[in-house]
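Some notes on the structure that comes next.
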Amino acid sequence: ETLPPEVLTSMGADEAQEELAKVPVASPEDLENADAIIFGTPTRFGNMAGQMKQFLDSTGQLWMKGALVDKVGSVFTSSSTQHGGQESTILSFHITLLHHGMIVAGLPYSFKEQMQIDEVDGSSPYGAATITGPTGARMPSKNELSAAAFQGKRVAEMAKRLKA
């Protein structure tokens, strides 16, 4: 986390920080050892969170040696509103993956459920997404979870084919 404690407190994020304290933090070196990488980031003003950008900016040494070339990369996101920038967040994230030479995997229309129009849904061909609501209280819908599972399975299958 790159935000100062007083900012996190003013945002009401103290409890979330405590809950996440035991989650391992990835390092750039962890990316090198993966066959595929699915990145997740909240949407911030139509772009990835600053903390994610800072992490990606620290991968220059991996870029220099081509460590991520031909690895499958994919992105999922969340935003607080239906038109909060999910697509622009994922698309702008793809730029970094492409600079690293990664093979970008989205959420193809073979996942037919993304064409539904009977409920609010965050996913698109660029990747799975959810809408949390302004307080973060909305949990992913069944359809959004299905989209994420479909995307994850697709990434794993692509990585497996590339390793063969």
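Key figures
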| read-out | value |
| --- | --- |
| Anisotropy class of the range 1-97 from Cα gyration tensor, a/c 1.5 cut | oblate |
| The chain - accessible surface per residue (Å², probe 1.4 Å) | 60 Å² |
| DSSP-loop GluC sites (Glu not before Pro) across the range 67-164, with at most 15 other Cβ within 10 angstrom | Glu119 |
| Contact order normalised by residue count of the range 81-164, Cα under 8 Å, 6+ apart, percent | 28 percent |
| DSSP H segments from the chain that extend 18 Å or more along their own axis, Cα-based, with Kyte-Doolittle mean of -1.0 or above | 86-99, 142-163 |
| Three-way shape call for the range 65-126 based on the alpha-carbon gyration tensor, with the a/c threshold at 1.5 | oblate |
| Percent carbon-and-sulfur accessible area, the range 38-164, ignoring ligands, DNA and RNA, probe 1.4 Å | 60 percent |
| Structure-based [θ]222 nm, the chain - -39500 (n - 2.57) summed over DSSP H runs of at least 4, per residue, nearest 500 | -12000 deg cm²/dmol |
| Between the range 3-65 and the range 102-152, the alpha-carbon center distance in angstrom | 21 Å |
| Tail fraction, Cα-Cα pairs, the chain, threshold 28 Å, whole percent | 24 percent |
| Over 22 Å (Cα to Cα) - which of Lys71/Lys160; Lys71/Lys112; Lys65/Lys163 fall in this group | Lys71/Lys112 |
| Within the chain, percent of DSSP bridges classed antiparallel, to nearest 5 | 20 percent |
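The values are calculated or read from the model by the stated rules, or taken from the named source; none is laboratory data. Values in this document were obtained by computation on a predicted structure and should not be read as measured data. Don't worry about glycine lacking a Cβ; one is built from the backbone with ideal geometry, like all the others, and counts go over all protein chains shown. The protein model used for the area step is the full one, side chains on, heavy atoms only, and it has no ligands, DNA or RNA in it. Shrake-Rupley method; radii C 1.70, N 1.55, O 1.52, S 1.80 Å.
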